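S.K.: Before I ask anything, here is the structure I am working with.
What follows draws every value from the coordinates through simple rules; no lab data is involved. Predicted model, so just to flag it, every value in this text is computed and none were measured. Here Cβ is always computed from backbone atoms with ideal geometry, including for glycine, and neighbour counts include all displayed protein chains.
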Amino acid sequence: MDDYVIITLNCKASEALDMWSSIAPIAREIGVKLFVMWTGSCDMPPEEIGSRIGNILAKMDVTEIICRR
């Protein structure tokens, strides 16, 4: 099982996704899966949030979790 960290950020969705995207490559380098939640508003359309989360997960190479059966 992989190590992972879940953090909750006190900000809106766009800010949380910006922060997550910037640190995702570092998390990958050290072998930790990083997941983010936020307490503020969802200030982006759902499609954009989903797309950005998908890109961030790809940066961390989480395909083995998603594709595991």
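S.K.: From Ile53, Ile49, Ile7, grab the single residue that is in contact with a strand residue (DSSP E or B) (Cβ under 8 Å, 6 or more places away or on another chain) and among the β-branched types (Val, Ile, Thr).
M.R.: Ile7
S.K.: I would also like to ask the following. Just name the residue that is nearest to the chain's Cα centre (by Cα) out of those in segment 1-17 that are surrounded by 14 or more Cβ atoms within 10 Å (Cβ to Cβ) and not basic (Lys, Arg).
M.R.: Among those residues, the one meeting the criterion is Leu17.
S.K.: Can you find, within segment 18-30, the residue that is farthest from Met44 (Cα to Cα) among those that are among the β-branched types (Val, Ile, Thr) and surrounded by 11 or more Cβ atoms within 10 Å (Cβ to Cβ)?
M.R.: Ranking the qualifying residues of segment 18-30, first place goes to Ile26.
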